[in-house]
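Enquirer: Encoded as structure tokens, here's the structure I'll be asking about.
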Amino acid sequence: MRVPLTWLREYCDPALDVHGIEERLTMTGTKVEAIHHHGVHELEHFVVGHVLRAERHPDADRLTVCEVDLGAARPEGPATIVCGAPNVAAGQDVAVARPGSVMPDGTKLKKAKLRGVASEGMILAEDELAIGSDHNGIMVLGELLPNAQLTRGGALAEVLPIATEVLELEVTPNRPDCLGVYGVARELHAATGASLTPAPWNEDPGSGGPLEGAEAEVRVECPELCPRFTARVFHDVTIAPSPPWLKARLMAAGQRPINNVVDITNYAMLLSGQPLHAFDLARIAGRRLVVRRAHDGEQVQTLDGQTRTLDAEMIVIEDGEGPTSIAGLMGGARSEVQPDTSSVLMEVATWHGPAIHRASWALGLRSEASSRFEKGLQPEQCLHAQAIATRLMIELCGASVMPGTIDIGGEGPPPLSLPLRESRVQDILGVPIPRVRQAEILNSLDFATAEVPGGLDVSVPPLRRSDVTREADLIEEVARIDGLEKLPATLPKRRNAYGLLTPTQRLRRRAIDALVGRGCYEAVGWTFAAPSIADRLQLPAEDERRRPVVIENPLSEEQSQLRTMLLGSLLDVARHNVAHGEPDLRLFEHGTVFRWKDDKLNEHRSLAVLLCGKLAPSDWKNHSAASDPPAADLFVAKGLLEALADTLRVSDLVFASEPQPFLHPGRSASVSLGATPIGWLGELHPLVAQTWELPGAACFEIDLDRFLAHASRPDYLDLIGYPPLRQDLAVVLPEQVPAAQVLDVVRAAAGKLLADVRVFDVYSGPQVGEGRRSLALSLAFRASDRTLSDEDVTPVRERIIAALGDLGGELRG
């Protein structure tokens, strides 16, 4: 919300500059997001001038050469100014910008020649000063300010509000009382102790009671959505431009001036926080308004010229010919105020905040009114706005207000009374605040207080009804105004409590550290995913990963469901990096995934790794003309997963050939812990890689929760001082026998003397025959009580060879 400082100072004017006011408001809970300057700069160059002579430019039909008396601002005599406005004439008092002036857009004015005639300044229109939007002609000050004392050469800032600082506030949803300038002034009064002028609605030219005559009729059919509806009728209304002071305030607050009636509604809203709407009474069919729920499919043409389709959860105001406006959002075009309007019905109502918020979101229609209503305004604010609008309608439009006010619903519930115990204030804040100071703070915020034994009895004002509901809220009010910065910094009472990571959290951190230690970078993606992700990964229709959890109110279509796997997120990150010249990647992500399983939502934490490009940079050390550095493939990803398992002491890790739709055929595997599946591993399918514009990648994804559940504590063994006996064994086997099965058979046959076995070479070719391959095994034997000899391991070796024979294997050579 934008609050012009000159307007704010009209109600509360502390002896502080704009930065001091910003500091006090922010420190007491009304955050100032930014300070803007609205209007012109270098005010001394903006003066009042008097046009002595105005003649047509000799070389331009649309330009006028003026002699302008600037009085003491130019003692050497009149200034020559070339003006393009059609209404400039001799004898006018005008606003002049002299060379050196800085305009609202930052342009610095200089002397210039226009079609050969030197111009020493600029005669101004209101939009050039940012105090209005009219550019049809210059401002004639004598007409705009008939009662002003205009001095030739006098400072323009003394007669027109041409510059002000503007505070941009972040008003939280629990403080709708600060949505008006006077509410902010009340906060500033409490925060600084500066005096506060009486509320601008205290004096109401209008009257209560039934509206006289048959001027208008109102019926509310949904009181749960419209707690209060008020209306007043004005006759003899003259539609005209608003005076400069009103236009300037609206412009500084971010509103565009339209005409005096519409500007009055916006001014009253900005001052009180309560939106209003003006109907042309003659254009209300039957002079009858009905507030009701909309019908599904019902349409309304709003003031912006758009036709909007409604549903049954929205609220409309209709007349005898149908809906005329969408309640709380925007008025309708059919009953808007026109240049020939002479009678106005001023409507001020309270609407149900959640209903307005939903309608605004559903229609994609957000307005100054809706942003206020959705925060929850109070019924009492209706007559606040009516009083301000009534006074201005009489002053600026020459209107006469009809006696009486249509008032359906009335005021809200009676004020809530809360106790405020002095001892409780000290218990909560840790420091004593005198009872007199507590009462002073609360009274400055419009609370009523009365002393009772042990503390205060506090009556909550209507505008704070939704925010202050218990004693703790009162203590917060006292603390923030007295100064939260005054409270001592203390540690909370721990009562022997201390914080530790859970075993699972520690294991998770070890897993992350292990991946980072091997050169991987962590990526953090959205928990949301696009509906197209399943098609891009080529998941078949029956795949459970095609059953996502759909979000009811997504941020966008691309984030409309919860992810079922992490791979898509990593592929997005990889594509971004590759597109920006980083093709060699080692990425990982851990996070929650969501799937429907047996009609129940399964939620667990997964870990995914994606490797792309070369494993090492191309430099003189590892690059030659014959070969490039090795690229990431299935075995690199498998080795990284095995290293992770070793770090966490996860045993029984089993890999088995198994296809995945998004992985390369023949280069994919399932990952299990014993007989329990926990994930997959492989190289990306070429078509999937092409979809993400990647050259290729190796990846794996596992159920991290199950993986960590199999992590074991370290076993400590006596250090063996006897060296191992190493032997190599080359065995030829059918190609379909997996290497993992070969290693399991060797371990089972060898018994305790076998300390380690690894595959260090693989050969397929004519020397071993078609359909067969040779595996070279490195065997390490060790005993704890002696150094082994060849005779000790010969029986073990023979058992190994015999067991491999059962797999169809034979020694090579």
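Enquirer: Report D for the range 483-584 in µm² per second (integer): Stokes-Einstein, Kirkwood Rh on Cα pairs, 25 °C, 0.890 mPa s.
Expert: 136 µm²/s
Enquirer: In nm, to one decimal, how far is the GLN559 label point from the ALA112 one, both placed 7 Å along Cα→Cβ?
Expert: 4.5 nm
Enquirer: For every other residue with a beta carbon closer than 15 angstrom to the beta carbon of THR350, add +1 if it is Lys or Arg and -1 if Asp or Glu, then tell me the sum.
Expert: Its environment carries a net charge of -3.
Enquirer: Now for a separate question. Say R0 is 51 Å: what FRET efficiency, to the nearest 0.05, do GLU658 and ASP792 get from their beta-carbon distance?
Expert: Working: r = 41 Å, r/R0 = 0.80.
FRET efficiency, GLU658 to ASP792: 0.80.
Enquirer: Carbon and sulfur: what percent of the chain's accessible surface (1.4 Å probe)? The partial results should precede the final answer.
Expert: Numbers: 20040 of 39670 Å².
Using a 1.4 Å probe with all protein chains present, the chain comes out at 51 percent carbon and sulfur.
Enquirer: In Å², what does the accessible area per residue of the chain work out to with a 1.4 Å probe? Kindly include the intermediate steps, with their values, before the conclusion.
Expert: Details: 39670 Å² over 813 residues.
Normalised by residue count, the accessible surface of the chain is 49 Å².
Enquirer: Restricting to Cα pairs below 8 Å that are 6+ residues apart, what does the relative contact order work out to for the range 519-639? Please round to a whole percent.
Expert: It comes to 23 percent, rounded to a whole number.
Enquirer: Enter the angle in degrees (range 0 to 90, nearest 10) between the Cα long axis of helix 260-272 and the first principal axis of the Cα atoms of the chain, meaning the one along which they spread out most.
Expert: 60 degrees
Enquirer: Need one word for the range 133-259: rounded, prolate or oblate. Basis is the Cα gyration tensor (sqrt eigenvalues a ≥ b ≥ c); a/c below 1.5 gives rounded, then a/b vs b/c decides.
Expert: oblate
Enquirer: Let me know the Kirkwood hydrodynamic radius for the range 663-808, please, with Cα pairs as the basis and the value in Å to one decimal.
Expert: Across the range 663-808, the inverse of the average 1/r is 18.5 Å.
Enquirer: For the range 233-378, what class follows from the C-alpha gyration tensor (a ≥ b ≥ c being the square roots of its eigenvalues): rounded when a/c is under 1.5, otherwise prolate if a/b is larger than b/c, else oblate?
Expert: oblate
Enquirer: Further question: May I ask for the angle, rounded to the nearest 10°, between helix 739-750 and the longest principal axis of the chain, with both axes built from Cα atoms and the value confined to 0 to 90°?
Expert: That helix lies at roughly 50 degrees to the long axis.
Enquirer: Ok, one more. Using a basic spin-label model with each label point 7 Å from the Cα along Cα→Cβ, how many nm lie between HIS576 and GLU321?
Expert: Using points 7 Å along Cα→Cβ, the separation is 5.3 nm.
Enquirer: I need the peptides 106-119, 660-673, 298-311 ranked by packing, meaning the mean over residues of other C-beta atoms within 10 angstrom, with the highest value on top.
Expert: Values: 106-119: 13.0, 660-673: 19.1, 298-311: 15.3.
So the order, starting with the most tightly packed, is 660-673, 298-311, 106-119.
Enquirer: Additional query: I'd like to compare 175-183, 426-434, 397-405: which one has the highest average count of other Cβ atoms within 10 Å, and what's the full order after that?
Expert: Final packing ranking: 175-183, 397-405, 426-434.
Enquirer: Count charges around LEU733 for me, please; just the other residues with Cβ under 13 Å from its Cβ, Lys/Arg as +1, Asp/Glu as -1. Mind dumping the intermediate values first?
Expert: Details: positive: ARG772, ARG773, ARG812; negative: GLU735, ASP806, GLU810.
Taking every Cβ under 13 Å from that of LEU733, the sum is 0.
Enquirer: Any idea which of LEU491, PRO462, ILE481 is furthest toward the positive side of the dipole for the range 446-516, if Lys and Arg beta-carbons carry +1 and Asp and Glu beta-carbons -1?
Expert: Ranked along the dipole, the leading option is LEU491.
Enquirer: Further, regarding this structure: Work out the length of the dipole vector of the range 69-162 about its Cα centre, built from +1 on the beta-carbon of each Lys and Arg and -1 on the beta-carbon of each Asp and Glu, and round it to the nearest 20 debye. Spell out each step's value before the answer.
Expert: On the way: 8 positive and 11 negative charges, 107 e Å.
That gives the range 69-162 a dipole magnitude of about 520 debye.
Enquirer: Hey, what did the range 392-550 get for relative contact order, percent, Cα under 8 Å, at least 6 apart?
Expert: 18 percent
Enquirer: With r defined as the distance between the Cβ atoms of VAL516 and GLN690 and R0 fixed at 30 Å, what FRET efficiency is calculated, to the nearest 0.05?
Expert: 0.50
Enquirer: Now a separate question. I need the peptides 5-15, 770-780 ranked by packing, meaning the mean over residues of other C-beta atoms within 10 angstrom, with the highest value on top. Show your work: numbers first, answer last.
Expert: Values: 5-15: 18.5, 770-780: 16.5.
Ranked by mean Cβ neighbours within 10 Å, highest first: 5-15, 770-780.
Enquirer: Of the listed values (1) 77, 36, 29; (2) 47, 30, 27; (3) 41, 34, 26, identify the label whose number matches semi-axes √(5λ) of the Cα gyration tensor in Å calculated from this model.
Expert: Checking each listed value against the structure points to (1).
Enquirer: How tilted is helix 634-648 with respect to the longest principal axis of the chain? Cα atoms for both, answer in degrees (0 to 90, nearest 10).
Expert: Here the helix axis deviates by roughly 90 degrees.
Enquirer: Once you place label points 7 Å from the Cα toward the Cβ at MET27 and VAL759, how far apart are they in nm?
Expert: Label-label distance for MET27 and VAL759, simple model: 7.2 nm.
Enquirer: Antiparallel DSSP bridges in the chain: what percent, to the nearest 5? Walk me through the numbers on the way to the answer.
Expert: Values: 138 of 144 bridges.
Once the DSSP bridges in the chain are tallied, antiparallel ones form about 95 percent.
Enquirer: Okay, moving on. Using +1 at the C-beta of Lys and Arg and -1 at the C-beta of Asp and Glu, which of VAL82, ALA118, ALA95 has the Cα lying farthest in the positive direction of the dipole of the range 79-118?
Expert: ALA118
Enquirer: Taking all protein chains together and a probe of 1.4 Å, list GLU55, GLU791 from the most accessible to the least accessible.
Expert: Details: GLU55 95, GLU791 140 Å².
Largest accessible area first, the list is GLU791, GLU55.
Enquirer: Kindly provide the trypsin sites (Lys or Arg not before Pro) of the range 451-488 that DSSP labels as loop, not H, G, I, E or B, and whose Cβ sees at most 11 other Cβ atoms within 10 Å.
Expert: Qualifying residues, ordered by number: ARG470.
Enquirer: Determine the dipole magnitude for the chain: charges of +1 sit on the beta-carbon of Lys and Arg, -1 on that of Asp and Glu, nothing else is charged, the reference point is the Cα centre, and the result goes in debye to the nearest 20.
Expert: 1920 debye
Enquirer: For the chain, what does -39500 (n - 2.57) per DSSP helix run (n ≥ 4), summed and divided by total residues, give at 222 nm, in deg cm²/dmol to the nearest 500?
Expert: So the helix-based figure for the chain works out to -7500 deg cm²/dmol.
Enquirer: Hey, another quick one. Let me know the shape class of the range 40-141, please: from the alpha-carbon gyration tensor, a ≥ b ≥ c as square roots of the eigenvalues, rounded when a/c is under 1.5, otherwise prolate if a/b is greater than b/c, or oblate.
Expert: rounded
Enquirer: Same structure again: Do you know the relative contact order of the range 182-273, to the nearest whole percent, from alpha carbon pairs under 8 angstrom that are 6+ apart?
Expert: Relative contact order for the range 182-273 comes out at 24 percent.
Enquirer: Let's see if you can work this out: charge +1 on each Lys and Arg Cβ, -1 on each Asp and Glu Cβ, no other charges. What is the dipole magnitude of the range 354-428 about its Cα centre, in debye to the nearest 20?
Expert: 240 debye
Enquirer: While we're here: Kindly provide the GluC sites (Glu not before Pro) of the range 501-588 that DSSP labels as loop, not H, G, I, E or B, and whose Cβ sees at most 11 other Cβ atoms within 10 Å.
Expert: Answer by residue number: GLU542, GLU552.
Enquirer: Next up: Would you kindly find the accessible area of ASP633, with a 1.4 Å probe and non-protein molecules such as ligands, DNA and RNA excluded, rounding to the nearest 10 Å²?
Expert: Answer for ASP633: close to 50 Å² accessible.
Enquirer: Between ASP311 and ILE551, how high is the FRET efficiency from 1/(1 + (r/R0)^6) when r is the Cβ-Cβ distance and R₀ = 30 Å? Nearest 0.05. Mind dumping the intermediate values first?
Expert: On the way: r = 20 Å, r/R0 = 0.67.
For R0 = 30 Å, the calculated efficiency reads 0.90.
Enquirer: Placing +1 on the Cβ of each Lys and Arg and -1 on the Cβ of each Asp and Glu in the range 682-813, which of ALA697, ALA730, ALA740 has its Cα farthest towards the positive end of the resulting dipole?
Expert: Projecting each Cα onto the dipole axis, the largest value belongs to ALA730.
The values are calculated or read from the model by the stated rules, or taken from the named source; none is laboratory data. Note that this is a predicted model, so its numbers are computed, not measured. Please note: Cβ atoms are built from the backbone with ideal geometry, for glycine as well, and neighbour counts cover all protein chains shown. Surface accessibility is based on the protein's heavy atoms, side chains included, excluding ligands, DNA and RNA. Shrake-Rupley method; radii C 1.70, N 1.55, O 1.52, S 1.80 Å.
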